[in-house]
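Scroll down for the structure; my scribbles are underneath it.
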Amino acid sequence: MKIIASYANKGGVGKTAAAVNLSYALAAAGERVLLCDLDPQGAASFYFRIKPSKKLTEASFFQDVEKFTQSIKASDYDNLDILPANMTFRDFDVFLAQMKQPKSRLKQALKAVAGDFDAIILDCPPNISTLSENIFKAADAVLVPIIPTTLSQRTFQQLVDFFAENDLPARKLHGFFSMVQSTKSLHDETMAVMRGTYPKTLLTAKIPFATDVERMGIHRAPVLVSAPHSAAGKAYQALSEELTLRLDPTRHGEGPS
Amino acid sequence: MTHASPDDFILHGPAATAFTSQRLGKLTPVFVPEGEPAPFTRLDTFDQTLRRSGRLLLDLGTALDLIRPDSSAMTQATHGRTKFVPDIAEGPVKQALSDLSPLRSLLPCGTGKLSRAGLAFEDDDHKVHCRAALQILTGAEGQTVILVMLHPLRGYARAQADLRHALATNGMAFDMDALHGLLFPASPAPAPKPKLALTADQTAHDAATAIIALQIPVARLSEPGIVADHDTEFLHDYRVALRRIRSVLSLFRGVYPPDQTATLKARFSALMAQTGMLRDLDVHLLEKPSYYDLLPEIQHPGLDTMFALRAADRAKALARLSRHLRSKAHGQEMTELARLFATPQALPPGPKADTPAYPYACALIWKRYRKIRQIAANLGPATPDTDVHTLRIHCKKLRYLMEFFAGLFPPASVKSLLKPLKALQDHLGLVNDLSVQQVSLQSFLQGSGAWPDSTKLQVAQTVGALTTVLHQRKLDERRKTMDALSGFISPETQKTFREVFHPSKPGPPRKPNP
């Protein structure tokens, strides 16, 4: 079982769209997937038409295995389950501060369902907090969407630095360019510079700025369902395949199912 | 039998079609048909092996669908009409039918239409809370039966429970018998196989009469299948029933007056005599694939010619037997015989008629086993085939006796003694078949007068090669027979035979199985 976090310390960069489409792509490829919506706004849950969890409030996420497992809901797609968020998730840091070993509580909580899934995808809130540290510790891979602008470049460097300062393995970081607008020369230039700076960390796949992604809120379905053959759909599929191969190089040569 | 999942249901009648458009509390139904309805033919063997074992096999023309007792379904692509299990291509359905006799044909037993659909129940956000897979079966008279298989969705236990309750209220839990009854009302459930219930104090006369009375309908039921030429098992079953009757008449000496016995024997022998030619040809033609395996490819054209001639002979033999079975005289004879054995009082008693069944059975079985031991003692590699044949006949008689009277003895002991006997019979049967095949091939060759010279030469070469191979196989089988025989006459087996069938102080026999 692998844990992949879709994380950015900056909001509105395509983090939830990546988590939703990656989850769908892995499930469609036959993996049993749990998408864990850790963002109190619950956007990932919304895309899958799942209402906020009523049971899993306050500290029970980390303390009550039964409530945790009972809150998981099947999505409308085979192999894909969702742990929906609710507004109490915004107080995770408060609860974690009161617990022993606050930085490994998420990993312990996820252990309870590890046997049920091949992959757990975490859609994370956009900040650096105790919860984020939990996420970095629990995840096998941290997938970071980056809008190719100067500001995002700086934010990504802050994350790389945070990893170094906290002895977190840099190999867990997998950045990819998101909301790319090919008409903007700044995007091309920034991507070129960053690929030079982080040659191993950045994935080749890049997600274009596309209305199909924005319309996920209307369709309430992954782009891979509503517009699988669109540029964005193909890009998410490529992102999923590239990441899968990175995390398990033995799968080289397996075509998408 | 495997039990169906508690999440599988049957809907039928008006409730079936209405259900797919009914709300489930606050949830809205979404019915999604999958493809057009396809016509199907239900297939089963003559004795309804599939129905008896809770299976439903549907031939959809391009696919075979099998629904099992636990309601799980499987499908496999096919080409053309499926008649025998070995003819089906390798696949899950063939695998699931592997317990069926390869010689029994799958007969059409009903028709209808099948379609599939999905049924989901959604909330106001169009999120699915529960779903089910539907198989919609429509019988020949337009009656609709829907098999509903719930697909559990994690986190929606309440909706699942509501749906389960609604299905139980509007329909019923999955039950294969009910499904058959609803879908094929014209095809009644198979009657349980008739069982012989002998009692220890029953007279030998009544026991013999009861055994024969049970076999006559078996023979009679096989006749239409022989005429229709569905498969070779109909004739085989017909002959087994007649052979059992003849065995009773010859083994149960003294239960009827001698002249009555002689008359009955002659009447049943006359029935049997009609069938010999067709059965020999059936056996020969059933061996066809193995003959091709036995001979090199260069001899295959000769086999083609030989089997074409034999197939023509078989067609003639079948026509002859069919004429006989359909004749008024045969119908009258079978009706009279059935009537004769229907009431034990109708048959006059012989000198041993009143002997109680238990000591009578003990004496017959023990005598037959001792006879086999005597023959076995003198058997060796040089023993002529005729002596091996005699041993085979005695074994067959012993088997019949043990089976006829099985209900009077401890089942475990009878079973433990029948097992080595059956193994020995298998070897003896094979030795006999290999001998008969050689003789049959030679006589076939002798009848070659009307064939063109080129055919004569080709077939003669093929028969020569086959005879050599069959002879070698027969020698191998004789060796295996000797091994099986030594087990059957071993001191341990003899001890058990003595304990069961020749006790020093005959105790009260156990009551027969209900």
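Summary of computed values
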| read-out | value |
| --- | --- |
| Cα-centre dipole for the protein assembly as shown with unit charges at Cβ (Lys and Arg positive, Asp and Glu negative), debye to 20 | 2720 |
| Sites B:Arg158 and B:His389, calculated FRET efficiency, Cβ-Cβ separation with R0 51 Å, nearest 0.05 | 0.10 |
| Counted charge near B:Ser443, where neighbours are those whose Cβ lies closer than 13 Å (Asp, Glu -1; Lys, Arg +1) | -1 |
| Helical mean residue ellipticity (222 nm; -39500 (n - 2.57) per DSSP H run of 4+; nearest 500) of chain A | -11500 deg cm²/dmol |
| Rough spin-label spacing in nm, given labels placed 7 Å along Cα→Cβ, for A:Arg246 and B:Met277 | 8.4 |
| Reference-scaled alpha-carbon Rg (2.2 N^0.38 Å with N residues) for chain A | 0.95 |
| Ellipsoid semi-axes in whole angstrom, largest first, where each is sqrt(5λ) of the Cα gyration tensor of segment B:374-488 | 37, 15, 11 |
| Ranking of B:Asp387, B:Asp175 by count of other Cβ atoms within 10 Å, fewest first | B:Asp387, B:Asp175 |
| MRE, 222 nm, helices only [DSSP H, n ≥ 4, -39500 (n - 2.57), over chain B, to nearest 500] | -18000 deg cm²/dmol |
| Those residues of segment A:1-45 whose amide nitrogen sits under 15 Å from the label point placed on A:Ala112, 7 Å along Cα→Cβ | A:36-37 |
| Environment charge of A:Pro125, counting only residues whose C-beta is closer than 15 Å and scoring Lys/Arg +1, Asp/Glu -1 | -3 |
| Length-normalised contact order for segment B:194-353 - Cα pairs under 8 Å, 6+ apart - percent | 36 |
| Distance violations [Cα-Cα > 22 Å] among B:Lys288/B:Lys456; A:Lys51/A:Lys107; B:Lys195/B:Lys396 | A:Lys51/A:Lys107 |
| Local electrostatic count at B:Val463 - Lys and Arg +1, Asp and Glu -1, tallied over other residues with Cβ under 13 Å | +2 |
| Cα extents of the protein assembly as shown along the three principal axes, largest first (Å) | 115, 64, 57 |
| When segment A:67-142 is reduced to its Cα atoms, the Kirkwood hydrodynamic radius in Å | 13.5 |
| Relative contact order (%) - criterion: Cα under 8 Å, at least six apart; region: chain A | 25 |
| Largest-first principal axis extents, alpha carbons of chain B, Å | 88, 70, 50 |
| Paramagnetic reach from B:Gln22 in segment B:150-181 [backbone N under 11 Å; point 7 Å along Cα→Cβ] | B:163-172 |
| Translational diffusion coefficient (Stokes-Einstein; Kirkwood radius from C-alpha pairs) of segment B:48-192 at 20 °C, 1.002 mPa s, in µm²/s | 126 |
| Filter on A:Lys15/A:Lys206; A:Lys10/B:Lys127; A:Lys137/A:Lys172; A:Lys111/A:Lys206 - keep pairs with C-alpha separation over 20 Å | A:Lys10/B:Lys127; A:Lys111/A:Lys206 |
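Throughout, read-outs are computed from the coordinates displayed, never taken from laboratory work. What you see is a predicted model, and the numbers here were worked out from it, not measured in a lab. A quick note on method: Cβ atoms are made from the backbone with ideal geometry, for glycine too, and the neighbour counts reach across all protein chains shown.
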